[in-house]
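Everything on this sheet refers to the single structure shown next.
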Amino acid sequence: RSAGNAPRMKADMAVRKRQQQQQQQQRAAVAATVRAKIGSGSGKRCGGVFQKMGRLVVAIALTVASLVCYLSFPFASDPLLNFASLSEEEKAELRKLEPSVIANLTAHSPYRLGRFCDSGGYCFTIEQRYWKQNGLKAQRFIMYELNDKLALTMAYLKTPEIVTAHHLVHTRWPVDHGRLIFSYNMMQIAAGFALEGLSFNRSASGGGGGSQQQPLQPQRMLQIGMGGGTATGYLASLPMELHLDVVELEPNVYAAAKEWFDFPVSPNINVHIMDGVVFVKEAAAKGVTFDSLILDASSNAPDARIVCPHEVFLQEDVIAAMSKVIGTRGVLSVNLFMPDEQERLQEEVARQFAAHFASCSALVINPGGQKFLLCTNRAVDFDWANQRERILANLAAFDDVVGTNVAPFIDRLNPIQQ
C-alpha cells in the first residue's frame, strides 16, 4: 500500500513541510540512538552471532531497524493534519489529489481492523466501510463473526474537510457522537423525554417556594448493555446535566468501545463491568432510582430465540427490580429484537413487563415491524393509546432541541387503530 500511494503521500507531505521539521529531528535522534546501541554493548553481545551468520544477517537487521524507524515517523505517530494552518494554495493542491485517495478507500472497502471475543467464546470483528454519496461517507462496525449480516454496533465517522493520504490510516477517522444509525438507539434515548422522566429544562428537585433559586440537580440514567458505546457518546453530547451509569458484562466489549469507538471520558459517566441483573437488584435493594433506564443487553448466541433483551432480564424478580429503580416518575425503555416469530414474541415480552408497571406501550420503530417497549409507573393511562398527543408533543420538543425527526417518524409507524 505504501508503494502504491507514494505519490499522494509525497504531495501530502509537501504541504505539511512546516509540520514535519520537528519530526525529522526526532527521526535523526532515533537513528543516532540505534547507531549508538549497535556500536555499544548490545552490538557486542550480538557480535559473535553476526560473525557466524555473515554480512547478510547484518544487512537484514539494519534494514528492519530502518523500516521500523520509517514506519514510526511520520505516518503512524504524527498529529492529525491541521487544515487551519494551510494556505488556500496548499488546500487547492490537496483537493486535486482527493479523488484518487477516495477511489483508493472505496475500491477496497470494507476493511477489517480488529477482532475480539467475549467470555462465552463468541467473537466479533471491527470493520470500516467507505462509500460515495454526496461526498465520501464512512462507518465503523462491530460485526458478529458467525453472522456477518448482523451488527452489534454501527457508528458514523466524521468526514474530514479534505480527504488526503493521511486518512488512508483508518484509525484517523473519529466517531461522530452527534449521530446515531440504529433507530432503536434514538428511540430509547427519546423515551425518557416522551414519558417525562427526563427534561432539558427541569427545575431543581425540592425547589419549593422562596426567592432563592436552588441549583439544578443532574438527572440520572442507567444504561444496561454498552455495545460500542455510541448511545453513551450521544447521551454525553446532549445539552443537559446528565449522570450516566453504564453496565456492561463483557470487559472486551468495553475495551473495544474505548479503542475503536471513542468511548467518552467524563466525571458524569460511571462504567460498571458486571452482571446487569446483579446491578439492578442491588440498586433496588438500596432504594437507588433513575429518571431513565435503557435496557439494551443482548444475547450473543447465534441461535438465541430472543436476542434482545437477554432472557435473564425476563425473570419476574428482575423485571420487578427494574420497576422499582425507576420509581414513580422514571421511564424504562427496552429494545425488542427477535429474528423469528417476531410479532408473537414481542407480545409475549410486552405482557411480562406490563404486569409490573402502571403502563407500557410497544411501539414500532422500523418498517420491518421491530418494536421497542416503554414503561412507566407515573399513571395507569400514560401510554400511546391514551396519551398519544401528549407523547408526540414531548417528542416534538425533543426534536427541537437535538434536531431530529423522531415525533413524525413514530407517529407514521404507529397509527391509532379505531
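The values are calculated or read from the model by the stated rules, or taken from the named source; none is laboratory data. All of these numbers come straight from a predicted model, not from anything done at the bench. Because the Cβ atoms are built from the backbone with ideal geometry, glycine has one as well, and the counts that use them run over all protein chains shown. Ligands, DNA and RNA are stripped out before the accessible areas are found, and what is left, the full protein with its side chains, is counted by its heavy atoms. Shrake-Rupley method; radii C 1.70, N 1.55, O 1.52, S 1.80 Å.
Before moving on, here are some points about what is shown:
- For Tyr234: the one exception among (1) more than 21 Å from Gln139 (Cα to Cα); (2) touching a Leu at 6+ places or on another chain (Cβ under 7 Å): (1)
- Among the residues of the range 362-407, the ones that are surrounded by 18 or more Cβ atoms within 10 Å (Cβ to Cβ), closer than 22 Å to Ile326 by Cα and small (Gly, Ala, Ser) come to 1 in all.
- Test: Glu89 is at pLDDT 85 or above, open to solvent by 70 Å² or more (accessible area, probe 1.4 Å) and over 17 Å from the mean Cα position of the chain (by Cα): yes
- Residue pairs whose Cβ atoms lie under 7 Å apart, separated by 6 or more positions or on different chains, with the first residue in the range 289-302 and within 16 Å of Thr153 (Cα to Cα) and among the polar types (S, T, N, Q) and the second part of a strand (DSSP E or B) and open to solvent by less than 10 Å² (accessible area, probe 1.4 Å), are Ser298/Cys308.
- With respect to being open to solvent by 70 Å² or more (accessible area, probe 1.4 Å) and at pLDDT 95 or above, Arg220 fits the description.
- Test: Ala138 is within 30 Å of Ile326 (Cα to Cα), free of Cβ contacts under 8 Å to residues at least 40 places away in the same chain and either in contact with a Phe, Trp or Tyr (Cβ under 9 Å, 6 or more places away or on another chain) or among the hydrophobic types (A, V, I, L, M, F, W, C) (or both): no
- Per-region count, the range 334-348, residues within 25 Å of the chain's Cα centre (by Cα) and either crowded, with 24+ Cβ neighbours inside 10 Å or part of a loop (DSSP other than H, G, I, E, B) (or both): 4
- Condition met for Glu343 (under 20 Å from Leu249 (Cα atoms) and of a type in the set (Asp, Glu)): no
- Residue that is farthest from Met143 (Cα to Cα) [pool: residues in the range 237-254 that are modelled with pLDDT of 95 or more and touching a Phe, Trp or Tyr at 6+ places or on another chain (Cβ under 7 Å)]: Val247
- Applying the criterion of being under 19 Å from Val101 (Cβ atoms) and of a type in the set (A, V, I, L, M) to the residues of the range 132-161, the residue that is surrounded by the fewest Cβ atoms within 10 Å (Cβ to Cβ) is Leu136.
Yes/no per residue for (1) in contact (Cβ under 8 Å) with a residue 12 or more places away in the chain; (2) closer than 22 Å to Ile224 by Cβ; (3) touching a Phe, Trp or Tyr at 6+ places or on another chain (Cβ under 6 Å); (4) part of a loop (DSSP other than H, G, I, E, B):
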| residue | (1), (2), (3), (4) |
| --- | --- |
| Gln352 | yes, yes, no, no |
| Cys360 | yes, yes, yes, no |
| Phe372 | yes, yes, yes, no |
| Gln387 | no, no, no, no |
| Thr404 | yes, no, no, yes |
| Asp411 | yes, no, no, no |
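- Matching entry among Val288, Val265 (being open to solvent by less than 60 Å² (accessible area, probe 1.4 Å) and hydrophobic (A, V, I, L, M, F, W, C)): Val288
- Remark: pairs (first residue in the range 221-238, free of Cβ contacts under 8 Å to residues at least 24 places away in the same chain and more than 16 Å from Ile126 (Cβ to Cβ); second residue among the hydrophobic types (A, V, I, L, M, F, W, C) and buried (at least 24 other Cβ atoms within 10 Å of the Cβ); Cβ separation under 7 Å; 6+ apart in sequence or on different chains) are absent.
- On the stretch given as the range 110-137, residues that are at pLDDT 95 or above and of a type in the set (Gly, Ala, Ser) total 1.
- Search result, residues across the range 317-349 that are closer than 19 Å to Gln188 by Cβ and acidic (Asp, Glu): none
- Looking across the range 325-337, the residues that are farther than 13 Å from Phe279 by Cα and not hydroxyl-bearing (Ser, Thr, Tyr) come down to Ile326, Gly327, Arg329, Gly330, Val331, Leu332, Val334, Asn335, Leu336, Phe337.
- Check on Ser359, more than 28 Å from the chain's Cα centre (by Cα), crowded, with 20+ Cβ neighbours inside 10 Å and not aliphatic (A, V, I, L, M): yes
- Within the range 107-131, the only residue that satisfies the criterion of being open to solvent by 40 Å² or more (accessible area, probe 1.4 Å), in contact with a strand residue (DSSP E or B) (Cβ under 6 Å, 6 or more places away or on another chain) and outside any strand (DSSP E or B) is Pro110.
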